[in-house]
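Q: Encoded as structure tokens, here's the structure I'll be asking about.
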Amino acid sequence: QVQLVESGGGLVQPGGSLRLSCAASGTISSIRAMGWYRQPPGKQRELVATITKTTSTSYADSVKGRFTISRDSANNTVYLQMNSLKPEDTAVYYCYVGIGLRGYWGQGTQVTVSS
């Protein structure tokens with residue numbers, strides 16, 4: 001089994017920053033990709049950013065230039081640095097880890113951007 005533990009969410013003012021972390025533990029063979037998704041209130045879950053085994057990254061257009069995804073392969077951890085936060089970034093953020101043919105989700109962490 002694989003467990004994902006997220007941390008780093010919270011309340012921040014517009015223009016502020018937060019850093020999310022997601023640590024994977026358990027029976028981990030080879031992580032092929034890691035990523036972050038979010039689900040705004042009343043909306044569907046959407047992709048925010050991904051990072052592959054070779055550290056190739058991709059971002060949703062809405063966060064390009066503001067968010068940065070990174071990973072610590074030695075510790076099976078993925079990060080999301082979020083800068084210049086906007087109210088529309090308010091959502092529950094979920095990390096995703098692809099291992100072999102399976103995918104695993106974190107429990108979600110709330111990010112609220114409000115003055």
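The values are calculated or read from the model by the stated rules, or taken from the named source; none is laboratory data. Note that the structure is a prediction, hence the values are computed from the model and not measured. For neighbour counting, all protein chains shown are included, and Cβ atoms are generated from backbone atoms with ideal geometry for every residue, glycine included. Remember, those area values only see protein heavy atoms, side chains included, never the ligands or the DNA or RNA. Shrake-Rupley method; radii C 1.70, N 1.55, O 1.52, S 1.80 Å.
Q: Kindly indicate whether Ala33 is open to solvent by less than 70 Å² (accessible area, probe 1.4 Å) and over 19 Å from Gln110 (Cβ atoms).
A: Values: open to solvent by less than 70 Å² (accessible area, probe 1.4 Å): yes; over 19 Å from Gln110 (Cβ atoms): yes.
Here the answer is yes, as Ala33 does meet what is asked.
Q: On the given criteria, is Val48 open to solvent by less than 40 Å² (accessible area, probe 1.4 Å), part of a loop (DSSP other than H, G, I, E, B) and of a type in the set (A, V, I, L, M, F, W, C)?
A: On the way: open to solvent by less than 40 Å² (accessible area, probe 1.4 Å): yes; part of a loop (DSSP other than H, G, I, E, B): no; of a type in the set (A, V, I, L, M, F, W, C): yes.
Here the answer is no, as Val48 does not meet what is asked.
Q: Still on this model: Given the criteria within 10 Å of the chain's Cα centre (by Cα) and assigned to a strand (DSSP E or B), does Ser21 qualify? Full working, then the answer.
A: Working: within 10 Å of the chain's Cα centre (by Cα): yes; assigned to a strand (DSSP E or B): yes.
Yes, satisfied.
Q: May I ask you to list the residues in the range 86-108 that are touching a residue at least 60 places away in the same chain (Cβ under 8 Å) and crowded, with 22+ Cβ neighbours inside 10 Å?
A: Of everything in the range 86-108, those that are touching a residue at least 60 places away in the same chain (Cβ under 8 Å) and crowded, with 22+ Cβ neighbours inside 10 Å turn out to be Tyr93, Cys95, Val97, Gly106.
Q: Quick check on my filter: what residues within the range 60-85 are of a type in the set (Gly, Ala, Ser) and open to solvent by 50 Å² or more (accessible area, probe 1.4 Å)?
A: Filtering the range 60-85 for residues of a type in the set (Gly, Ala, Ser) gives 60, 62, 65, 70, 73-74, 84.
Matches in the range 60-85: Ser62, Gly65, Ser73, Ala74, Ser84.
Q: Quick one: count up the residues across the range 1-29 that are touching a Ser or Thr at 6+ places or on another chain (Cβ under 7 Å) and polar (S, T, N, Q).
A: Adding up the residues that qualify gives 5.
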